[in-house]
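Chemist: Attaching a single structure in structure tokens format; questions to follow.
Every read-out reported here was derived from the displayed coordinates using simple, explicitly stated rules and does not represent laboratory data. Quick caveat, the model's predicted, so the values are computed rather than measured. Cβ placement follows ideal geometry from the backbone for every residue including glycine, while neighbour counts extend to all protein chains displayed.
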Amino acid sequence: MTADIDFDRIPRSALPGLLARMPKAELHIHIEGSLEPELIFALARRNGVALPYASVEALRAAYAFTDLQTFLDIYYAGASVLLHEQDFYDMAWAYFEKAARDHIVHAELFFDPQTHTARGVPIGTVIEGLSRACAAARTHLGISAELILCFLRHLSEAEAFATLEEALPWRAHFIGVGLDSSERGHPPGKFTRVFVRCAELGLHRVAHAGEEGPPTYIEEALDLLRVARIDHGVRAIESPALMQRLAAERVPLTVCPLSNVKLCVVPDLAAHPLPQLLAAGLAVTINSDDPAYFGGYLNDNLLALFSAQPQWGASEAYTLARNSLEASFAPAQEKAAWVQALDAEFRQATTL
């Protein structure tokens, strides 16, 4: 925390504007999950793909999920329209335009190559389209952007190894690996050997754990996969010992509030464990997960969260933003510059 910022001088009425314009990083965004229904239909027309929905409205009406799997069923159907490099570029660029409006200075995009290679789309088509969009975001929007290749945990470790080897010709285009998809019944330890291989390759490592899976999945991700960040991690609240460990080791949690409500992980944002996690000193960050499906991008998550937590003020807003910047895999010099910009934004807010 920056000691020379008097957070008490920033009224709560100023928070919506401050939350929107403060510089921040997004560390948990599945780029396929940013595919809005309008773009799904546009790409379907462009590529001659038949969709099982009559209209944009009918597709959006289907977004009534009861758990992670019911979401994934529609998520994979939406991805079926992605066939060519330009499709992946257009999808990522649409996200980056929203990210710029949300004052995101750095984004680390998850992508699921197995979702596409299983349909016959070459992995190079996926990576090159997304990488080209990342480069354009840096040039035209001033957003630092990187890619994290995710393994689908409902598939085998052998398939993860095959995907990794297939992606290695494009190693320069992604900075890390992650683990996503159906968590129940697929503990992180299932992928220990492939994550060891990724460490040997110098790749950053993250993993979804403790969303629907138990706290022991978080421990496995730390101890067996040697991850630097935990994606979600909200069920850590069930284990005081794990909470203490996460706080002591400053392991970032990439929490996604609106996603947690939409997938019935929590009943509503007022019941979310985020206040307890933050109060316990955990390095919590706020992210949008699959924003096209869960009702909001990063600023939408922040505004909804702070509306549901009336006790929170500028100090919590600053902490969450700074956590996101410091938890990123960006170079230290860039992170320091973003923190300086964050400090300046909050100092300015104390003078209004």
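Chemist: What is the log10 of I(q)/I(0) for segment 145-250, computed with the Debye formula using one identical point scatterer on each Cα and no solvent, at q = 0.22 Å⁻¹?
Modeler: Taking Cα atoms of segment 145-250 as identical point scatterers yields -1.14.
Chemist: Would you be so kind as to identify all helices of the chain, as entire DSSP H runs, whose Cα atoms reach 18 Å or more along the helix's own axis and whose mean Kyte-Doolittle hydropathy is at least -1.0?
Modeler: 85-101, 123-136, 314-327, 332-350
Chemist: Name the long-range amide H neighbours of Leu147: under 5 Å, sequence gap of 5 or more, or other chain; modelled H, no Pro or chain starts.
Modeler: Residues meeting the criterion, in which the H sits 1.01 Å from N, are Leu109, Ile175.
Chemist: Sticking with this one: Which parts of segment 173-202 would a label at Ala158 reach, counting a residue when its backbone N lies under 19 Å from a point 7 Å out along Cα-to-Cβ?
Modeler: Within reach of a label on Ala158, which here means backbone N under 19 Å from a point 7 Å along Cα→Cβ, segment 173-202 contributes 186-187, 189-197.
Chemist: Could you please state, rounded to a whole Å, how far the C-alpha centre of segment 318-343 is from the C-alpha centre of segment 10-53?
Modeler: Taking the Cα centre of segment 10-53 as reference, the centre of segment 318-343 is 22 Å away.
Chemist: In deg cm²/dmol, rounded to 500, what helix-only [θ] at 222 nm does the chain give when every DSSP H run of at least 4 residues adds -39500 (n - 2.57) and the total is split over its residues?
Modeler: Mean residue ellipticity at 222 nm (helix-derived): -14000 deg cm²/dmol.
Chemist: So for the chain, if I pair up every lysine 8 or more residues apart or on another chain, how many of those pairs have alpha-carbons under 27 Å apart?
Modeler: Pairs that pass both the separation and distance tests number 5.
Chemist: Also, quick follow-up: In the neighborhood of Arg245, defined by Cβ-to-Cβ distances under 15 Å, what is the net charge if each Lys or Arg adds +1 and each Asp or Glu adds -1?
Modeler: Summing Lys and Arg as +1 and Asp and Glu as -1 gives -1.
Chemist: Related question: May I ask you to derive the relative contact order of the chain, considering only C-alpha pairs under 8 Å and at least 6 residues apart, and to give it as an integer percent? Walk me through the numbers on the way to the answer.
Modeler: Details: 583 pairs, mean separation 78.9, N = 352.
Computed over the chain, the figure is 22 percent.
Chemist: Compute the Kirkwood hydrodynamic radius of segment 33-159, taking the inverse of the mean of 1/r over all pairs of distinct Cα atoms, and give it in Å to one decimal.
Modeler: Value: 15.5 Å, from the Cα pair sum.
Chemist: Students often check this: by mean Cβ neighbours within 10 Å, which of 145-154, 306-315 ranks highest, and how do the rest follow?
Modeler: Put in order of decreasing packing, that is 145-154, 306-315.
Chemist: Using +1 at the C-beta of Lys and Arg and -1 at the C-beta of Asp and Glu, which of Ala135, Leu35, Leu203 has the Cα lying farthest in the positive direction of the dipole of the chain?
Modeler: The one lying farthest along the dipole's positive direction is Ala135.
Chemist: A follow-up question, please. If every alpha-carbon in the chain counts as one equal scatterer, what log10 I(q)/I(0) does Debye give at q = 0.10 1/Å?
Modeler: With no solvent term, the Cα-only Debye profile gives -0.57.
Chemist: Quick check on packing: order 79-89, 223-233 by the mean number of other C-beta atoms within 10 Å, highest mean leading.
Modeler: Result, highest mean Cβ count within 10 Å first: 223-233, 79-89.
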